[in-house]
Amino acid sequence: WTLTPDGTPDFVNQVWLEFSGQTLDFVRSRPEAWMTAVHPDDREAASRAFWVGVHSGQDFAIETRSLRAQDRTYRWHLQQALVLRDAEGNVLKFVGTTTDIDDQKRAEEKIRQSEKEARQVLDLSPLHITELGPDGARLYTNRASLDYYGITLEEWKDADLQQVFAGLVTNELPEKLQSGSPFEYEVRLKRRDGQY
């Protein structure tokens, strides 16, 4: 699709017209005509991003759910627009694409749900289970660990490891993480009552 500098569509391909059930004349009738296919919950954010892009003359991207006319179901789409300018820098046109990302969104939601379920299982374990990033960043620790320390997950992420662990674990940890190999060591852990 393409837009004139004021945001009015002047070309939309057949794929969008068939998907949305809109006509080219309808889409060309006003800048936001195409948004009638956008889910009502997404329209305000879509309109805001659209007009910020158009009024500023900048590229923009919008993720929305759009209604498929054939079966009246909503599917996620990514709308991206690039600005074409003349030699003086004036906006000539916006050139855009609308890409169906519904399968990707559903897969991401399944992953989030699986991660949530895995975390719930880990929180039921009496073992201390911790997840660290390759750089040693603390990503997660389970409920047993948080209860032991008497802190929240956010506090744990920011805690001074020297106060949590006794010994030289903080000096050894980066090297062990960077090796990428499994490792183990024994440490004394400081409980919430101050005892190790």
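Computed from the coordinates by the stated procedures, all read-outs in this text should not be read as laboratory data. Source: prediction; values computed, not measured. Glycine also receives a Cβ, built like all others from the backbone with ideal geometry; neighbour counts cover every protein chain displayed.
Given R0 = 41 Å, the distance between the Cβ atoms of E117 and N90 translates into a calculated FRET efficiency of 0.15. Taking every lysine pair in the chain that is 8 or more places apart or spans two chains, those with Cα atoms closer than 21 Å amount to 4.
Ranked by the mean number of other Cβ atoms within 10 Å of their residues, highest first, the peptides 84-96, 9-21 fall in the order 9-21, 84-96.
Simple spin-label estimate for D103 and S181 gives 4.1 nm between the two label positions (7 Å along the Cα-to-Cβ direction from each Cα). Relative to the longest principal axis of the C-alpha atoms of the chain, give the angle of the C-alpha long axis of helix 40-56, reported between 0 and 90° and rounded to the nearest 10°. Between helix and principal axis, roughly 70 degrees.
In the chain, the calculated helix contribution to ellipticity at 222 nm averages -12000 deg cm²/dmol per residue, counting -39,500 (n - 2.57) for every DSSP H run with n ≥ 4. Scaling the Cα radius of gyration of the chain by the globular reference 2.2 N^0.38 Å produces a ratio of 1.59. Relative protection proxy for 99-112, 67-80, from highest mean packing down: 67-80, 99-112 (other beta-carbon atoms within 10 angstrom).
For the options P40, P31, P182, a Gaussian network treatment of the chain with springs between C-alpha atoms closer than 10 Å singles out P182 as fluctuating the most. Computed from Cα atoms alone, the Kirkwood hydrodynamic radius reported for region 99-163 is 13.6 Å. Here the Karplus relation 6.51 cos²θ - 1.76 cosθ + 1.60, evaluated at θ = phi - 60°, turns the backbone of region 98-108 into coupling constants of 10, 10, 6, 10, 4, 4, 4, 4, 5, 5, 4 Hz, with x for every Gly and Pro.
If R₀ is 45 angstrom, what is the calculated FRET efficiency for the pair D59 and D193, using the beta carbon separation as r and rounding to 0.05? Show your work: numbers first, answer last.
On the way: r = 56 Å, r/R0 = 1.25.
For R0 = 45 Å, the calculated efficiency reads 0.20.
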